[in-house]
């Protein structure tokens with residue numbers, strides 16, 4: 001039986017693509033283990049899927065001063081020793097890493113035990129963990145052609161990202177029932193990510209009365225961000241967070257307004273949904289969402305707005321522009337060859353695993 005170890009964590013973006021691959025490889029008879037952190041989000045998400053989970057110590061690798069910079073290197077070293085022990089015990093044929101700081105000890109341990117390693121970088125520029133892991137990997141899977149400018153190596157393969165297949169199976173009927181919408185009027189979906197975005201929430205609500213003259217709105221606003229005054233507003237439905245309903249909401253959406261995380265924008269590409277991207281400001285991130293969004297804008301998939309400059313009036317104008325030209329954006333997305341990276345990545349895993 002083929003054995004594979006997955007690693008990656010810290011955010012859902014480092015875990016969900018792994019879960020897509022795990023589901024597929026389980027069906028093909030792979031024996032699967034997951035190595036993650038003791039308290040990270042990956043533990044909850046992976047154990048829920050009945051995958052064998054092994055926790056190791058991990059420390060964050062920072063480019064800035066923090067008191068933990070003096071203690072975390074020792075946690076990383078401890079994690080490497082723990083990962084070495086686990087790799088020797090599991091004896092995998094290959095290791096797949098989605099990044100995050102927990103992945104570094106696992107990658108190093110796998111390399112020391114001569115286990116082939118494939119890593120995946122979601123953003124256009126690699127994070128620090130994947131910059132380190134790149135040295136030890138057989139192949140580096142990436143989402144953006146532009147990433148080749150940042151990782152100069154014949155290891156790099158542009159694959160795209162694994163997409164959750166359930167997102168592709170939404171029902172218009174269920175979507176309309178969930179929202180109670182008029183089937184004849186177009187729908188906008190706005191999401192600020194799993195935690196929501198107060199800035200995007202505020203901009204949307206400032207222009208809501210004007211937007212509702214033409215559109216119906218699904219607003220995924222984040223926990224604690226429901227506006228009680230708008231609960232009964234006709235054509236406007238607020239949700240703190242959705243899971244199983246999302247596929248149906250996306251199905252009925254004519255336009256999506258979103259942050260520019262790599263997982264999210266590739267899901268929109270796979271669904272061919274005309275979209276407006278409002279990436280996290282460089283003040284609140286390392287700027288990866290800005291680069292992701294610019295790439296999609298350049299390829300004709302998206303309209304991009306600057307969070308620091310946008311107003312409700314700007315949003316309304318660009319929503320109307322996008323909706324009026326939606327066929328152009330849909331045609332551009334339909335021509336893309338990077339809608340779902342699942343099969344390309346699985347083929348690489350099969351090519352580079354040890355022979356059983």
Fill in the blank from the handout: Note on segment 309-351: residues touching a helix residue (DSSP H, G or I) at 6+ places or on another chain (Cβ under 8 Å) and in a helix (DSSP H, G or I) are 312, 315, 316, 319, 322, 329, 333, 342, 345, 346, 349
Completion exercise
Going through segment 95-114 in order, the residues found to be buried (at least 24 other Cβ atoms within 10 Å of the Cβ) and either outside any helix (DSSP H, G or I) or within 16 Å of the chain's Cα centre (by Cα) (or both) are 95, 96, 97, 98, 99, 100, 101, 102
Problem - The listed residue being surrounded by 15 or more Cβ atoms within 10 Å (Cβ to Cβ), assigned to a helix (DSSP H, G or I) and in the same structural domain as residue 255 (by TED's automatic domain parsing), out of 175, 193 - result: 175
Practice task
Return only the number of the condition from (1) at pLDDT 95 or above; (2) surrounded by fewer than 18 Cβ atoms within 10 Å (Cβ to Cβ); (3) not in a loop (DSSP other than H, G, I, E, B) that residue 83 does not satisfy.
Solution key: (2)
Practice task
Looking only at segment 239-254, decide whether some residue is under 17 Å from the mean Cα position of the chain (by Cα), part of a loop (DSSP other than H, G, I, E, B) and closer than 21 Å to residue 330 by Cβ.
Solution key: no
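Given the criteria farther than 23 Å from residue 19 by Cβ and either within 20 Å of the chain's Cα centre (by Cα) or in the same structural domain as residue 147 (by TED's automatic domain parsing) (or both), does residue 294 qualify?
yes
Every residue in segment 1-18 that is under 17 Å from the mean Cα position of the chain (by Cα) and either in a loop (DSSP other than H, G, I, E, B) or modelled with pLDDT of 95 or more (or both), please.
Within segment 1-18, 6, 7, 8, 9, 10, 11, 15, 18 meet the criteria.
The values are calculated or read from the model by the stated rules, or taken from the named source; none is laboratory data. Fair warning: this is a prediction, and the values are worked out from it, not measured in the lab. When we count neighbours, we look across all protein chains shown, and the Cβ atoms used for this are built from the backbone with ideal geometry, even at glycine.
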